[in-house]
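Asks: Mind looking over this structure? Questions follow.
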Amino acid sequence: MATEERDVKKAAELKLWIEEKIAEHLEEIDRLRETLGYVDATLRASTFKTANELMAESREAPEIREIKRDKGGQTLATAMVTPYSVSVEPVEGVGLKTATPPFKSFLVAKILQGMKSKDAELVGVGKLVKGMELRFDVEERNGVLGKIIVENYREKTRLTEILNTISWTFSRMLEKSAPG
C-alpha cells in the first residue's frame, strides 16, 4: 500500500506542477498577444499596416483576380489579393455609383460592417488580438466607386465571401443603372 500511496502523492504533485506551468504559459501567451497588439498598433499608427502585412508585401506580389458579372461573364473589376488584404477596383468603363443599391445597404452595411462587428466582438472577449480585426475603406470620387480595400480578412472563406458578394453586388448595381 505504501507504494500506491507514494504513486498517488507523486501524481498529485505532478498534477499541481503541470497546472501551474499551464497557468504560467497562458499568462505568457496573453502578454505576448497584448504585446503583439501594441506593436501592430504602433506600426499601424505610422504606416497603417501590421508587421505581418509589411513582411508579406515585401516578399510577395499580390495575386490578381478578375471579378466577373454573374450573368454573361463580363469583367467588372480587378482584385489584388495578398494574404492580409484585398483591393477591388472597377475596370475602366464600369462606372458604379455608390448610391446605387445594394452597394451601401447590402455590401457595406450588412456584409463588410457585419464582419467588422463580429471581429470587434472577438477582440472584446480576447479571442482576437486588437489590430487584427477586419477593416475596410471605400474610395469614391464624385459618387463613383474608385476602390474597396479590405484588410485582415484572415480566412480564405471570408475572402471568397467578400469577392462573391462584390461580384453579385456590382452585377445588381449595373442592372439598376442600365437604361431600360
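Asks: Which residue fluctuates the most in the chain, going by a Gaussian network model with Cα springs under 10 Å, if the choices are Gly37, Gly146, Gly93?
Replies: Among Gly37, Gly146, Gly93, the largest GNM mean-square fluctuation belongs to Gly93.
Asks: Over the chain, what is the relative contact order in percent, taking alpha-carbon pairs closer than 8 angstrom and at least six residues apart?
Replies: About 21 percent, as a whole number.
Asks: Continuing with this model, one more query. How much length would be gained if the chain were fully extended between Val91 and Ala23, taking 0.36 nm per residue of separation minus their Cα-Cα distance, in nm to one decimal?
Replies: Taking 0.36 nm per residue and subtracting the Cα distance, the gain is 19.1 nm.
Asks: Could you tell me which of Ala12, Gly93, Gly146 has its Cα farthest along the dipole of the chain towards the positive end, charges placed at Cβ (Lys, Arg +1; Asp, Glu -1), taken about the Cα centre?
Replies: Gly93
Asks: Mind ranking 82-88, 25-31 by how tightly packed they are, going by the mean number of other C-beta atoms within 10 angstrom, highest first?
Replies: Sorting 82-88, 25-31 by mean packing, highest first, produces 82-88, 25-31.
Asks: Have a look at Asn164, Ala120, Ala2 and report the one farthest towards the positive end of the charge dipole of the chain, computed about the Cα centre with Cβ charges (Lys/Arg +1, Asp/Glu -1).
Replies: Asn164
Asks: Classify segment 74-180: rounded, prolate or oblate, from the alpha-carbon gyration tensor (a ≥ b ≥ c, eigenvalue square roots; a/c under 1.5 rounded; otherwise prolate if a/b is larger than b/c)?
Replies: The shape class here is prolate.
Asks: Give me the dipole magnitude in Debye, nearest 20, for the chain about the Cα centre, with unit charges on the beta carbon: positive for Lys and Arg, negative for Asp and Glu.
Replies: Dipole magnitude for the chain comes out near 880 debye.
Asks: Counting other beta carbons within 10 Å of each residue's own, what order do Glu5, Glu175 fall into, fewest first?
Replies: Listing Glu5, Glu175 from fewest to most nearby Cβ atoms yields Glu5, Glu175.
Asks: Quick one: Karplus J couplings for segment 28-34, per residue in order, coefficients 6.51, -1.76, 1.60, θ = phi - 60°, nearest Hz, x for Gly and Pro?
Replies: For segment 28-34, the Karplus-derived couplings read 5, 4, 4, 5, 5, 5, 4 Hz, x marking Gly and Pro.
Asks: Here are some pairs, Lys68/Lys130; Lys68/Lys110; Lys127/Lys156; Lys21/Lys118; which of them have Cα atoms lying more than 23 Å apart in this structure?
Replies: Violating the 23 Å limit, Cα to Cα: Lys68/Lys130; Lys21/Lys118.
Asks: By the gyration tensor of its Cα atoms, with a ≥ b ≥ c the square roots of the eigenvalues, what is the shape of the chain: rounded for a/c under 1.5, prolate for a/b over b/c, or oblate?
Replies: Note, shape of the chain comes out prolate.
Asks: Of the residues Leu107, Leu32, Leu14, which exhibits the maximal mean-square fluctuation in a Gaussian network model of the chain defined by a 10 Å Cα contact cut-off?
Replies: Between Leu107, Leu32, Leu14, it is Leu14 that shows the largest mean-square fluctuation.
Asks: OK, next. Given the -39500 (n - 2.57) contribution per DSSP H run of 4+ residues, what per-residue ellipticity at 222 nm results for the chain, rounded to the nearest 500 deg cm²/dmol?
Replies: Rounded to the nearest 500, the figure is -17500 deg cm²/dmol.
None of the figures in this text is laboratory data; all of them are computed from the coordinates on show. Because the structure is a prediction, the values reported are computed rather than measured. As a convention, Cβ positions derive from the backbone with ideal geometry for all residues, glycine included, and neighbour counts pool all protein chains shown.
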